[in-house]
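Data first, discussion second: the structure below is written as structure tokens.
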Amino acid sequence: MDLGLKGKRAIICASSKGLGRACAMALAEAGCEVVINGRDAATLEATAKAIAEATGAHVIPIAADVGTPEGRKALLAALPEVDILVNNNGGPPPKDFRQLSHADMVAGVESNMITPIELIQGVIDGMVARKFGRIINITSGSVKMPLPQLDLSSGARAGLTAFVAGVARQVAGSNVTINSILPGAFLTDRLRTIAAGAAKAQGTTADAVLAARTKTIPAGRLGDPQEFGQLCAYLASAQAGYITSQNFLIDGGTFPGAF
Ligand SMILES: NC(=O)c1ccc[n+]([C@@H]2O[C@H](COP(=O)([O-])OP(=O)(O)OC[C@H]3O[C@@H](n4cnc5c(N)ncnc54)[C@H](OP(=O)(O)O)[C@@H]3O)[C@@H](O)[C@H]2O)c1
């Protein structure tokens, strides 16, 4: 399917690895010019090369911390006009809610709520003026189905979700949409790191933790980041202009509700 994205310009935050990278790859395959981002310059360069080679797209790597004002400024300066913004960032490390310091909580809200909102502020008026804009926030299945130790991640992302629900209605008439994708368990470095931490605490192996997690997923497997990227590209497409302020779980059936 032609997604109507040839020549569109996209910023994909936190995209040198994992889900962000998969979104960048899918948008590049659909014909977008992509700005990719990560803090580690070597990983970022390797990803830029891989995406450019696989798709022929123009890829602009911006090595920066998206959680800082300078990082956001560098990302927004990379393209003259932004058609698609994919908000992503690292998530807060797992921690018992009793152990969270004030500074931990402020940092979690900064990284998973304020950072995406500031990037939206940076791109949205141009999108409205040009009558095309697609904003996709990578949040988490934990917004709907909390996971122990990830309360800060769930709370900050739920705050973002509520915030953009109001914003989405204010720009929908200009063909600007804002949606979120809520990943369940996808096999990325973050999941491996969380599994390694849990394994240490439980006196077992990361493979055993991942196998136990997989048993809780009706699909019987972990998610492939490519599946996630392709949903992102569809939500960015010309055809998805009537879909806004929605939260798409992609979790192999893990969330147990009908709605
Ligand atoms: N994978 C899952 O199963 C899952 C489930 C639910 C929610 N999520 C959420 O989805 C998001 C992506 O997760 P993932 O699994 O793709 O993680 P990942 O494999 O660890 O990749 C994270 C990417 O973000 C970059 N990054 C992290 N912090 C950054 C920062 N401050 N500034 C710029 N780039 C940054 C990393 O590069 P550098 O480290 O070099 O900066 C890397 O490219 C996270 O918020 C995560 O909590 C993931």
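The values are calculated or read from the model by the stated rules, or taken from the named source; none is laboratory data. As the structure is a computational prediction, the values presented were derived from the model and not from experiment. No Cβ is skipped: glycine too gets one built from the backbone with ideal geometry, and neighbour counts run over all protein chains shown.
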- prompt: Residues in region 165-176: is at least one touching a helix residue (DSSP H, G or I) at 6+ places or on another chain (Cβ under 6 Å), among the hydrophobic types (A, V, I, L, M, F, W, C) and more than 17 Å from Leu235 (Cα to Cα)?
  reply: no
query: In region 152-175, what residues are within 13 Å of the ligand (Cβ to nearest atom) and part of a loop (DSSP other than H, G, I, E, B)?
result: none
- prompt: What residue, of Val176, Val171, Val143, is within 21 Å of Ser111 (Cα to Cα), surrounded by 19 or more Cβ atoms within 10 Å (Cβ to Cβ) and assigned by TED's automatic domain parsing to the domain that holds Phe97?
  reply: Val143
- prompt: Here are some residues: Gly220, Gly252, Gly229. Which one is part of a loop (DSSP other than H, G, I, E, B), of a type outside the set (A, V, I, L, M, F, W, C) and within 29 Å of Ile12 (Cα to Cα)?
  reply: Gly252
- request: Could you check Ile178 against (1) part of a helix (DSSP H, G or I); (2) more than 13 Å from the ligand (Cβ to nearest atom); (3) aliphatic (A, V, I, L, M); (4) within 14 Å of the chain's Cα centre (by Cα) and say which number it fails?
  value: (1)
- line: When region 6-22 is checked residue by residue, the ones that are closer than 18 Å to Gly241 by Cα and either buried (at least 24 other Cβ atoms within 10 Å of the Cβ) or within 16 Å of the ligand (Cβ to nearest atom) (or both) are Ala10
- request: For Ala156, indicate whether it is surrounded by fewer than 17 Cβ atoms within 10 Å (Cβ to Cβ), within 30 Å of Gly197 (Cβ to Cβ), of a type in the set (A, V, I, L, M) and at pLDDT 95 or above.
  value: no
- line: Just one listed residue, out of Ala14, Ala42, is under 23 Å from Thr188 (Cα atoms), free of Cβ contacts under 8 Å to residues at least 24 places away in the same chain and small (Gly, Ala, Ser), and it is Ala42
field: Given (1) assigned by TED's automatic domain parsing to the domain that holds Pro116; (2) within 12 Å of the ligand (Cβ to nearest atom); (3) touching an Asp or Glu at 6+ places or on another chain (Cβ under 9 Å), number of the condition Ile217 does not satisfy
entry: (1)
